[in-house]
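What follows draws every value from the coordinates through simple rules; no lab data is involved. Predicted model only: the values in this text are computed from it and were never measured.
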């Protein structure tokens, strides 16, 4: 059976759609994010609108079902990146199917007009599968692993990628 993959940038009016996939990510991979399910499940509409004012949210779907997400936040000079990619998550049953590639193709297609030419992200240094996935998308390590301020004792690796337009 053919799988149709699509990627969209959510609008603030779609906050409930974002809430659903973000909470699914926090339930499935609580150790992977700075946020906590117990906190974010309490966010109301006003709080989600605040999030939309700070960053852009992309969602990839397979056959119409949301299965992956990430956010893009424009930066002012953090380690040479023009934007920060965060909250990357895909439903485990769809990993490896092209969802992340679809979201990064969206980023590449909008890089110049949105100032997303150089993307940075942080990944836990022991999350080998995520590091491998990011490397396939063109990310390379930048600097040494950094200690986490949110999870003492853990380290994350900064990675950087130039959009395919550059």
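For this structure, a couple of remarks:
- At q = 0.13, 0.15 Å⁻¹, base-10 log of I(q)/I(0) for region 58-166 (Debye sum, equal scatterers on each alpha carbon): -0.48, -0.64
- Only helices enter this figure: runs of n ≥ 4 DSSP H residues, each worth -39500 (n - 2.57), summed and divided by the residues of the chain, yield -9500 deg cm²/dmol at 222 nm to the nearest 500.
- Evaluated at q = 0.10, 0.11, 0.18 Å⁻¹, the base-10 log of the normalised Debye intensity for region 21-103, with identical point scatterers placed on the Cα atoms, takes the values -0.27, -0.32, -0.85.
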